[in-house]
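Enquirer: The structure that follows is given in the form of structure tokens.
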Amino acid sequence: MSNRPNSCRCNPNRVCSCRPKSRPSVSCSCQPKHRCCCQCLPELGGVQAQLREANEVYLDDGKEVVFDIILRRSTRDITYNSATGKFCLRKEGTYLIHWDVAVEGSYYRPFVRFSLVAGDTIIGSSTLPVTVGQLSGANLLTVSRSPVELSLINDTDDTVQLSGFTPVANITITKVSSTCRRC
């Protein structure tokens with residue numbers, strides 16, 4: 001972005017936005033004869049989900065954690081498919097994802113690993129060096145081409161038994177970027 005003498009800034013898509021203290025409408029030098037106004041609003045919204053019931057539930061390698069309840073939802077930009085365990089990030093932006101999973105064991109491995117997957121790419125993993133306990137992770141994800149599917153998977157190379165304690169798993173996805181709109 002470059003600062004302009006008339007208080008406009010242009011993003012790489014050549015859409016103009018004004019600084020909050022500038023006049024409501026000014027000529028923008030990034031696009032000839034284009035007018036812009038100040039509508040740069042911080043966007044902070046998200047989804048919080050839990051898996052509460054998982055007594056004697058085993059999760060095979062590569063399978064998604066399927067959350068059974070949406071606790072809060074403050075944006076339409078993030079949707080959830082309870083049949084597949086996948087969240088859909090429907091708009092470009094930066095997302096902060098916090099998650100945790102409680103486990104009670106693995107059949108053959110001396111560790112447990114869960115990973116956060118965006119599309120087909122692992123964006124973060126957490127490994128527990130024992131087979132009983134709680135794993136957690138936090139990741140920033142910048143979505144430049146939407147939509148993106150996001151899921152939390154068992155990445156242990158073995159079947160894992162989820163904990164019988166409630167809640168078994170939590171995830172919070174927060175959209176943290178700001179949006180500037182043209183008038």
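The values are calculated or read from the model by the stated rules, or taken from the named source; none is laboratory data. The structure presented is a predicted model; accordingly, all values stated were derived computationally and were not measured. Cβ coordinates were reconstructed from backbone atoms using ideal geometry, including for glycine residues, and neighbour counts include every protein chain displayed.
Enquirer: What is the number of the single condition among (1) buried (at least 19 other Cβ atoms within 10 Å of the Cβ); (2) under 18 Å from the mean Cα position of the chain (by Cα); (3) not β-branched (Val, Ile, Thr) that Ser136 does not meet?
Expert: The single condition Ser136 does not satisfy is (1).
Enquirer: Within region 110-120, track down each residue that is closer than 22 Å to Val168 by Cβ and either touching a helix residue (DSSP H, G or I) at 6+ places or on another chain (Cβ under 6 Å) or assigned to a strand (DSSP E or B) (or both).
Expert: Residues of region 110-120 closer than 22 Å to Val168 by Cβ: 110-117.
Once the filter is applied, which keeps residues that are closer than 22 Å to Val168 by Cβ and either touching a helix residue (DSSP H, G or I) at 6+ places or on another chain (Cβ under 6 Å) or assigned to a strand (DSSP E or B) (or both), region 110-120 yields Val112, Arg113, Phe114, Ser115, Leu116, Val117.
Enquirer: Being among the small types (Gly, Ala, Ser) and either touching a helix residue (DSSP H, G or I) at 6+ places or on another chain (Cβ under 7 Å) or more than 20 Å from Cys88 (Cβ to Cβ) (or both) is the filter here; which residues of region 138-158 pass it?
Expert: First, pick out the residues of region 138-158 that are among the small types (Gly, Ala, Ser): 138, 144, 146, 151.
Passing the criteria: only Ala138.
Enquirer: How about region 160-176: which of its residues are surrounded by fewer than 18 Cβ atoms within 10 Å (Cβ to Cβ) and closer than 24 Å to Tyr108 by Cβ?
Expert: Result: Gly164, Phe165.
Enquirer: Does region 14-34 include one or more residues that are surrounded by 15 or more Cβ atoms within 10 Å (Cβ to Cβ), part of a strand (DSSP E or B), at pLDDT 90 or above and among the polar types (S, T, N, Q)?
Expert: Scanning region 14-34, I find no residue that is surrounded by 15 or more Cβ atoms within 10 Å (Cβ to Cβ), part of a strand (DSSP E or B), at pLDDT 90 or above and among the polar types (S, T, N, Q), so the answer is no.
Enquirer: Working only within region 130-157, note down all residues that are out of contact with any Pro (no Cβ under 8 Å at 6 or more places or on another chain) and part of a loop (DSSP other than H, G, I, E, B). Please lay out each step first, then the result.
Expert: As a first pass, look at region 130-157 and keep what is out of contact with any Pro (no Cβ under 8 Å at 6 or more places or on another chain): 132-157.
Once the filter is applied, which keeps residues that are out of contact with any Pro (no Cβ under 8 Å at 6 or more places or on another chain) and part of a loop (DSSP other than H, G, I, E, B), region 130-157 yields Val132, Ser144, Arg145, Ser146, Pro147, Asp155, Thr156, Asp157.
One line per residue, one yes/no per condition, for (1) surrounded by 20 or more Cβ atoms within 10 Å (Cβ to Cβ); (2) within 19 Å of Ile173 (Cβ to Cβ); (3) not basic (Lys, Arg):
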{"position": "Ile78", "(1), (2), (3)": "yes, yes, yes"}
{"position": "Gly93", "(1), (2), (3)": "no, yes, yes"}
{"position": "His98", "(1), (2), (3)": "no, yes, yes"}
{"position": "Ala102", "(1), (2), (3)": "yes, no, yes"}
{"position": "Ser106", "(1), (2), (3)": "yes, no, yes"}
{"position": "Gly124", "(1), (2), (3)": "no, yes, yes"}
{"position": "Thr131", "(1), (2), (3)": "no, no, yes"}
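Enquirer: Among the residues of region 147-183, how many are small (Gly, Ala, Ser) and either modelled with pLDDT of 95 or more or within 21 Å of Phe67 (Cβ to Cβ) (or both)? Talk me through it step by step, then tell me what you get.
Expert: Of the residues in region 147-183, the ones small (Gly, Ala, Ser) are 151, 163-164, 169, 177-178.
Still in the running and either modelled with pLDDT of 95 or more or within 21 Å of Phe67 (Cβ to Cβ) (or both): 151, 163-164, 169.
Summing the residues that are small (Gly, Ala, Ser) and either modelled with pLDDT of 95 or more or within 21 Å of Phe67 (Cβ to Cβ) (or both) in region 147-183 gives 4.
Enquirer: I've got another one for you. Since Thr127 meets every condition but one in (1) out of contact with any Leu (no Cβ under 6 Å at 6 or more places or on another chain); (2) closer than 19 Å to Gly45 by Cβ, which condition does it not meet?
Expert: (2)
Enquirer: Checking the conditions here, which among Arg90, Arg72, Arg76 is in contact with a Pro (Cβ under 7 Å, 6 or more places away or on another chain), without any contact (Cβ under 8 Å) to a residue 60 or more places away in the chain and farther than 20 Å from Tyr58 by Cβ? Walk me through how you get there before you give the answer.
Expert: Details: Arg72 fails: in contact with a Pro (Cβ under 7 Å, 6 or more places away or on another chain); Arg76 fails: in contact with a Pro (Cβ under 7 Å, 6 or more places away or on another chain).
Only one candidate passes the filter, namely Arg90.
Enquirer: Checking Ile123 against (1) within 20 Å of the chain's Cα centre (by Cα); (2) in a loop (DSSP other than H, G, I, E, B); (3) farther than 18 Å from Thr75 by Cβ, which single condition isn't satisfied?
Expert: (2)
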